[in-house]
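The structure appears right after this line, and notes come after that.
The values are calculated or read from the model by the stated rules, or taken from the named source; none is laboratory data. Here the structure is a predicted model, which is why all the values come from computation and not from measurement. Here the Cβ is made from the backbone with ideal geometry for all residues, glycine too, and neighbour counts use every protein chain on show.
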Amino acid sequence: MRLYASVCALALVLASIGGAAALGNEFLFLNEIQIGMTGIGKTVVAGDVISEFSVDVLGIIDEPGTLSDFIVVRVSGEAIGRSGGIAQGMSGSPITIGGKLVGALSRAANWSKEITPVGLVTPIEPMLEVLSAAKTVSRAPADSAVLSGVALVDRPFPASEAEIASAPDTLFAYPVQAPLVVSGLSGRSRAILMGGAERPHGTLSQFLPAQALAGAPLGLSALALELLPLSGGAAGSSVSSAASVATTLTPGGSLGVALVSGDISVGALGTVTYVEEGGVIGFGHPFIQNGESAFPLTTVSIIETMKSLDASFKLGTLGQTIGVINQDRIAAIGGRIGGQASTIDLTFEIEDLDQGTSRTLAAKVVDEPRLTPGLLLSAGFEAIDSTLDRVGPGTVEVTYQITGAGMPSSLERKDVFVSVNDIAVYPPWQLADIVAYLEYNEFADPKIASVSASMRVTSELRAIRIEDLVLDSFVYSPGDSVKFTLVLQTFQGEQIVRSGQLTIPDDLMSDEIVVRAYGGPRMVEGGETARVFESLADVIDLIETIPSYEQVTVEMFAIDPYLSNGGEALYGVGKLSHDYPGHVVYDEREARALVLTPSLDEGE
């Protein structure tokens, strides 16, 4: 039988109580557990009152490794009956035997040999590792306590009755989730929070050099998180003194992990297992298994534990931020009261030009690269949808501003978008893509401190189509001026005719030119080299200077004969641009002409 590595204690505890031998006064380790032992569990069922329930030890699941062992217990009592069994949000509930802490309730289980609710308890040893980096000693569970011949199947959801009946020596376990509580999000913004959304065509990500590390924003369902069927409440403001809330976190009480707080609130709630000198551990399982983290630690108020045929759950609200969750590990989450979590100040300002109304949405969002873009995306949809009170066509002008302690300068960008289907899609996606690109740049952590997006929206389609492009000749020579006429058509409005000229370089080594008129940014052509970044400042500069869609450009391209390989290797040799503020210029036109290069004989 493999040895189980257990933590003696926190370094602070070791110093104060004089060594590992004294730990028996507070904890009961895995090697001391016997079948038939009885104890109590603590959790909040409703009204922030800690309730107790009975626990009977059925045995120990002894698996290879140090993170797959569990104490199998039968749970009963009024708190369990009122909750309809082991409910989501009970994870972390401290289990004590003879007044000594043995671990945290972390999973519910189905077992054909037991009718009453069965749960798995994460032993206290690996949980203490989360709280402290103290040295470990080796202990092994007693042979008499190990459930011989019982297989453990850990799965994300309860087993069916048929599965349970067909495998009498199998214990089917499923996590007691830390359910997500959300307020301030409705309709599709909640769906986007959990499932993400499809990126629209034409955002900056299409025109920026590819980054191998940056992916699409994740919906929280991809991290095995589940959203409660009912909304929770908003998180409160941070408190000024950790001492004033030191008694808030009590074993069996509730704790929260906030992802967003303010006008929108997104977070998870669970149960406190153990508190020691400002440190706290809970859940008995990971949140998103983020490792070292910087999530706000909040108080929680439980409204009620709701019975459900699928899985009962605690309905609660996130409260004040009182510290930071800095460990998110397999066995538990851990943190400390006080300290500052890493958050980003988010502000959306939306003005509806049609109704003459406006709204400002403000929140704090965790600074975690794989979460932040998705949280910004859902918050942006909520801000626009709740202000416009409609989903449909229109035009939006947006100004983005981003600051960060690690950024050489703040970033500011202006955009305009038009849509005949859903104008709300573009601003949140553009912002999420910009933030993701900054977060995953290869040079420096931007340490983003604030993000804001100011929008002016109208249902009017302020669009300009490029109708035609005409050159004044079909044949030119190097050094000639190429005169062009550009015909534009406003949506259901007037026609605009513009003229200009571009000069063919004297040293052009191509026998053909291509003149193209287009709106907004363009892709890098086959004869061009993508821009190479040398610093975060270069990244910011490119994000700021890529043209918006209110710009129309007439550009001259030449063909590089040395790079052609079954296609045209074009490269730009001159351009003119003009802005149409508040309008989107779309479509493109091009015209071609020959370039007659004088021969050497003619030159002589």
Exercise. For region 344-352, does any single residue satisfy the condition of being more than 24 Å from residue 195 (Cβ to Cβ), β-branched (Val, Ile, Thr) and either surrounded by 17 or more Cβ atoms within 10 Å (Cβ to Cβ) or in the same structural domain as residue 255 (by TED's automatic domain parsing) (or both)?
Worked result: yes
Exercise. Of all residues in region 345-387, which are touching a helix residue (DSSP H, G or I) at 6+ places or on another chain (Cβ under 7 Å) and of a type in the set (A, V, I, L, M, F, W, C)?
Worked result: 346, 348, 350, 361, 363, 365, 366, 376, 377, 381, 384
For this session: Output the number of residues of region 94-123 satisfying the condition of being in contact (Cβ under 8 Å) with a residue 24 or more places away in the chain, of a type in the set (A, V, I, L, M) and surrounded by fewer than 24 Cβ atoms within 10 Å (Cβ to Cβ).
Result: 3
For this session: Could you grab me the full set of residues in region 246-299 that are in contact with a Lys or Arg (Cβ under 6 Å, 6 or more places away or on another chain) and either more than 17 Å from residue 124 (Cα to Cα) or surrounded by 24 or more Cβ atoms within 10 Å (Cβ to Cβ) (or both)?
Result: 261, 262, 278
Exercise. Yes or no: residue 336 of a type in the set (D, E, K, R) and in contact with a helix residue (DSSP H, G or I) (Cβ under 8 Å, 6 or more places away or on another chain)?
Worked result: no
Exercise. Mind checking which residues of region 411-464 are of a type in the set (Ser, Thr, Tyr) and closer than 22 Å to residue 549 by Cα?
Worked result: 419, 426, 437, 452, 454, 458, 459
Seminar exercise, completed: Matching residues in region 104-127 (modelled with pLDDT of 90 or more, among the aliphatic types (A, V, I, L, M) and within 28 Å of the chain's Cα centre (by Cα)) number 3
Exercise. In this structure, is residue 388 surrounded by 18 or more Cβ atoms within 10 Å (Cβ to Cβ) and over 28 Å from residue 209 (Cα atoms)?
Worked result: yes
For this session: Select, from 91, 68, the only residue that is assigned to a loop (DSSP other than H, G, I, E, B), crowded, with 24+ Cβ neighbours inside 10 Å and at negative phi.
Result: 91
